[in-house]
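Quick notes on the structure that follows.
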Amino acid sequence: MQISLASAKKLNWLWKDENKIEWIQTFIKIADKDGNIVPFILTDEQRKLVENLGHQNIISKSRQLGISVVTVALSIRACVVNPNTNCVLISHNQSSTNAVFDKLKQQFYSLPDWLRPKLIQNNRQALTFENGSSIVCMTAGNKDCGRGSTYSGGIVHLSEFAFWKDQQRQLKSIMQAVTSSSTVIIESTSNGYNEYSNLFLQARNGENAFKPFFFNWINGRSLFQPQYKESVRLYKAQHNGKMLTEDEYDEEEKALAKLGMTPEQAVWRRDKISISGLDAFHVEYPSTPEESFLATGSSVFDNTKVIKLQQAIAEQKVTILPSDKIVGLPHVLTTYVNNRSLSIYKVPKAGMKYYIGVDCSEGLGGKHDYSTMFVMDKDGEQVAEFHNNKVQPYLYADICNAMGRFYNKALLCVEKASGGHSVIERLRYEHKYMNMVKYKTYDEYNRAIWKVGFDTNNKTKSLAVNDAREWFDKGMVRIVSNNLLEEMKTFVAEENGSFNAVVGCHDDLVSAFWLCIQGMKSGFWYPF
């Protein structure tokens, strides 16, 4: 078939990798929600994904945003444009695999006859082409998906990964089969805290090689327009022809409106919630990544309140003080104020008592634990916070001493774990810091022995965490740290009764928070 010079130039342009979207929109057709075969015009979410894909990608999303549809299109393009390319589309159950294979065949046969490569295999949910490329649809079961395979040059799509069995083992097997020329796409709605949520949160924190994407239901409005219209029709029929206004929104709806939710979306949302409930809506149609994880998890703190507090902090424009605005700041603390390890919200007031919860780490950096402080006054208002995982225990003792003395010789409650023993010893004997939490024990001769610090075990931690939960729920403490609130979202009660951050997250600020409350509850004060 002869083509014009202009057509040849356009085809050459379309075949370049940076023009994937134009290739898909030029050659592929899809079935719309009414079953009509139409040109595939990408939505904003699909376009953003394609334009920003890396080698390893992980997606947290609302339902029905068309991610699997565009992944199928990317697979077809990869196999047509590049010979000897292997794509694999893995679903969490057989019915989903069948649906993906149906989409694959529909899109493949929508290609122009001259472009569509000749098939040498079209069975067992696989398409194998004469140019050596192939697309395989499979189900994630009990067997390792990647065993004995090599995936090169194409798309490796792990759909609804949060619902897979033995996610960690399966992912390890697949990643061993993936070459550097492939594009891995993990996407899912949420299913509580598991390997998927861990991977996503780590990616968002820059702690693994995956590139994170989040697509919420508010911005994905283009795919739901018919549903919005029907919800509006029903709403008006029930309200004498009147439409919902923003003045009638509840608190959560007002927060969603700030993210871009329209009244039409609000009416649709109310319909969905009336049928399946609020928690189910948060899972299926999250507005933030954490929202869906939290709705299916077992968080210790009331996350609805956590989110409202974060919104209040943003609205109130709470800011930290720069070092040049802090009168009397000890020199040792200036560096940590400047590098944002130390956040001071309020300077000490004369005559005010302050309490500091101190959690200690070994100062190893990287993904290791942080040394943290939570500082509040006797009225329960947070005034400062420290957060750094590169400070060695002997230096951390100097910082704790300076913080305590700066805040009117505050009562320090130091946890006796990790580097805490070293910090306590240096505070007590080198800095002569006397105002620290102590507890009484008895030796074998029934002699009273006072020990410094907070001795953490399963019983004392359980009591302390529940105290912190009570104070938070009852509004007995004013938190102004968004970092602490973020940690509170992923601080969960595990099945064995222990309290910890989910894997991939930290709880060091939470620890400093409950330690501070234990210091205030101790009732002791040691002037010096």
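Just so it is clear, none of the values below were taken in a lab; they were calculated from the coordinates. Just so we're clear, the structure is a prediction, and the values are computed from it rather than from any experiment. Neighbour counts run over all protein chains shown; Cβ positions are idealised from the backbone, glycine included.
Helical content of the chain, expressed as a calculated mean residue ellipticity at 222 nm, amounts to -12500 deg cm²/dmol (DSSP H runs of 4 or more residues, -39,500 (n - 2.57) each, divided by residue number, nearest 500).
Computed from the C-alpha gyration tensor, the three semi-axes of the ellipsoid equivalent to the chain are 53, 27, 21 Å, from longest to shortest. Our note on the geometry: Cα centres of the range 437-455 and the range 89-132, 72 Å apart. What base-10 log of the normalised intensity I(q)/I(0) is obtained for the range 1-66 from the Debye formula, alpha carbons as equal point scatterers, at q = 0.13, 0.22 Å⁻¹? Log10 of I(q)/I(0), two decimals: -0.51, -1.05.
By definition, a body whose alpha carbon gyration tensor gives a ≥ b ≥ c is oblate when a/c is 1.5 or more and a/b is not larger than b/c, and the range 332-453 fits this oblate description. Computed from label points 7 Å out along Cα-Cβ, the spacing between TYR109 and PHE524 is 7.9 nm. Our summary gives the range 267-405 a relative contact order of 16 percent, counting only alpha carbon pairs under 8 angstrom and 6 or more residues apart.
In whole angstrom, how far apart do the alpha carbon centroids of the range 240-314 and the range 493-521 sit? Using only Cα atoms, the two centres lie 27 Å from each other. Positive end of the dipole of the range 407-466, charges at C-beta (+1 Lys, Arg; -1 Asp, Glu), about the Cα centre: which of TYR445, SER422, VAL465 has its Cα farthest in that direction? Farthest towards the positive end: VAL465. Across the range 119-189, the volume of the C-alpha convex hull divided among the residues equals 94 Å³ per residue. Checking the a/c ratio against 1.5 first, then a/b against b/c, what shape does the Cα gyration tensor give for the range 225-322? The shape class here is oblate.
DSSP beta bridges fully contained in the chain are about 50 percent antiparallel. Compared with the dominant principal axis of the Cα atoms in the chain, helix 303-316 is inclined by about 80°. Net charge of the neighbourhood of ILE344, taken over other residues with C-beta under 15 Å away and scored Lys/Arg +1, Asp/Glu -1, is +1. In this structure, the amide hydrogen of ASN500, modeled 1.01 Å from its nitrogen in the peptide plane, lies closer than 5 angstrom to those of VAL492, GLU494, counting only residues at least 5 positions away or on a different chain.
Computed from backbone phi with θ = phi - 60° and the Karplus coefficients 6.51, -1.76 and 1.60, the 3J(HN,Hα) list for the range 426-432 is 5, 4, 6, 9, 8, 8, 6 Hz; x is used for glycine and proline.
Evaluating 6.51 cos²θ - 1.76 cosθ + 1.60 at θ = phi - 60° for every residue in the range 515-528, the Karplus couplings come out as 5, 4, 5, 5, x, 5, 6, 5, x, 9, 8, 10, x, 7 Hz, glycine and proline recorded as x. Indicate the gyration tensor shape class of the range 106-229 (rounded, prolate or oblate), computed on the Cα atoms with a ≥ b ≥ c the square roots of the eigenvalues: a/c under 1.5 is rounded; otherwise a/b larger than b/c is prolate and the rest oblate. In terms of gyration-tensor shape, oblate.
Close amide H contacts of ILE58 (hydrogens built in the peptide plane, cut-off under 5 Å, sequence separation of 5 or more or a different chain): ILE186, LYS211, PHE213. Its Cα centre serving as origin, the chain has a Cβ charge dipole (Lys and Arg +1, Asp and Glu -1) of approximately 540 debye. Here the relative contact order of the range 367-420, from alpha carbon pairs under 8 Å that lie six or more residues apart, stands at 25 percent. Checking the cross-link pairs LYS325/LYS451; LYS211/LYS461; LYS308/LYS521; LYS317/LYS489; LYS165/LYS305 against a 29 Å limit on the alpha carbon distance flags LYS325/LYS451; LYS211/LYS461; LYS165/LYS305 as lying beyond it. Residues in the range 320-336 carry Karplus couplings, in order, of 8, 7, x, 4, 6, 9, 10, 6, x, 5, x, 4, 5, 8, 4, 4, 6 Hz; the curve used is 6.51 cos²θ - 1.76 cosθ + 1.60 with θ = phi - 60°, and Gly or Pro positions show x.
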